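The values are calculated or read from the model by the stated rules, or taken from the named source; none is laboratory data. Please read all numbers here as calculations on a predicted model, not as lab measurements. Ideal geometry is used to build each Cβ from the backbone, glycine not excepted, and the neighbour counts take in all protein chains shown.
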Amino acid sequence: MGAWVFLRASSFVYSSFRRHATCLFRCTYRMSIFLIMAVIGITGGISTGKSSFCQSLREIVPAAKFFDADQEAHRLVDLDSEVKKEIRSEFGAGVFSDAGDLNREKLRAIVFGSASKRGALEQILHPRIRRQWSAEAETHRNSPDFFFANIPLLYETGDETLYDRVVVVACSYATQLRWLMERTPLKPAAATQMINSQMPLDEKIRRANHVVWNNGSRETLGAQARLLVALWKKQWTKS
């Protein structure tokens, strides 16, 4: 796994400096010339606080570029006629209203109850999402500012080697379940099923470069974000 560095900020930020070979070459090349953009992937489990962490980063580095995979997925299913056609073909007309709008609750119930259906939806959406964030990252390539991509399925889709660093936002299971039930109409059994249908959070933590522990206050989350931004700025400075 590589060496782990322990940081304290009322809670914990764990960092490992395990690097993929291509990432190491790219980072070394960048650092030897001048400060240019680093691509940071943000992931975690459902309702662990990824968006809140990104908001903390926005406050610390307002010039940074952000991409949100969930927002792009919503845009695709609302506005892309080809995506709607593929979803209708795979899941049936019943997941759409008479007006042609996607019923997200019905679709969510289907995909979280079936691994094959969940995979089918990912095959419809993820290649398009990847193309979009890749295009945005490329247009930002020569910028001195960070590029943050909030990608819930980052590990599930094998995209971790596309980032200079990956941050996993994690919390306890009880906190995750409570937050999920607060933001959705799901009952405990359905919420538990939704969490358990995803890659285990422990596995994401094991594979991460950095782990942000989000069991505390927003202030604690922000303190961890500041620690990481300070660390990244040191790593992407002119040598």
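Numbers at a glance
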{"item": "Filter result for GLU138 (assigned to a loop (DSSP other than H, G, I, E, B) and within 30 Å of SER81 (Cβ to Cβ))", "result": "no"}
{"item": "Count of residues meeting criterion [part of a loop (DSSP other than H, G, I, E, B) and more than 26 Å from ALA115 (Cβ to Cβ)] in region 78-100", "result": "4"}
{"item": "Of residues in region 87-136 being exposed (fewer than 13 other Cβ atoms within 10 Å of the Cβ) and basic (Lys, Arg), the one nearest to ILE46 (Cα to Cα)", "result": "ARG104"}
{"item": "Residue list for region 141-177, restricted to those being at pLDDT 95 or above, in a loop (DSSP other than H, G, I, E, B) and among the small types (Gly, Ala, Ser)", "result": "SER172"}
{"item": "Which numbered condition ILE60 misses (of (1) farther than 22 Å from LEU201 by Cα; (2) hydrophobic (A, V, I, L, M, F, W, C); (3) buried (at least 17 other Cβ atoms within 10 Å of the Cβ); (4) in contact (Cβ under 8 Å) with a residue 24 or more places away in the chain)", "result": "(3)"}
{"item": "Count - residues of region 96-119 that are closer than 26 Å to ASN196 by Cα and either of a type outside the set (A, V, I, L, M, F, W, C) or modelled with pLDDT of 95 or more (or both)", "result": "11"}
{"item": "Conditions (1) under 23 Å from PRO185 (Cα atoms); (2) free of Cβ contacts under 8 Å to residues at least 12 places away in the same chain: number failed by GLY92", "result": "(1)"}
{"item": "Count of residues meeting criterion [part of a helix (DSSP H, G or I), within 16 Å of the chain's Cα centre (by Cα), under 25 Å from SER116 (Cβ atoms) and in contact (Cβ under 8 Å) with a residue 60 or more places away in the chain] in region 181-239", "result": "3"}
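This table checks each residue for (1) at pLDDT 95 or above; (2) of a type in the set (Phe, Trp, Tyr); (3) on the phi > 0 side of the Ramachandran plot.
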| residue | (1), (2), (3) |
| --- | --- |
| GLY44 | yes, no, yes |
| LYS50 | yes, no, no |
| CYS54 | yes, no, no |
| LYS65 | no, no, no |
| HIS74 | no, no, no |
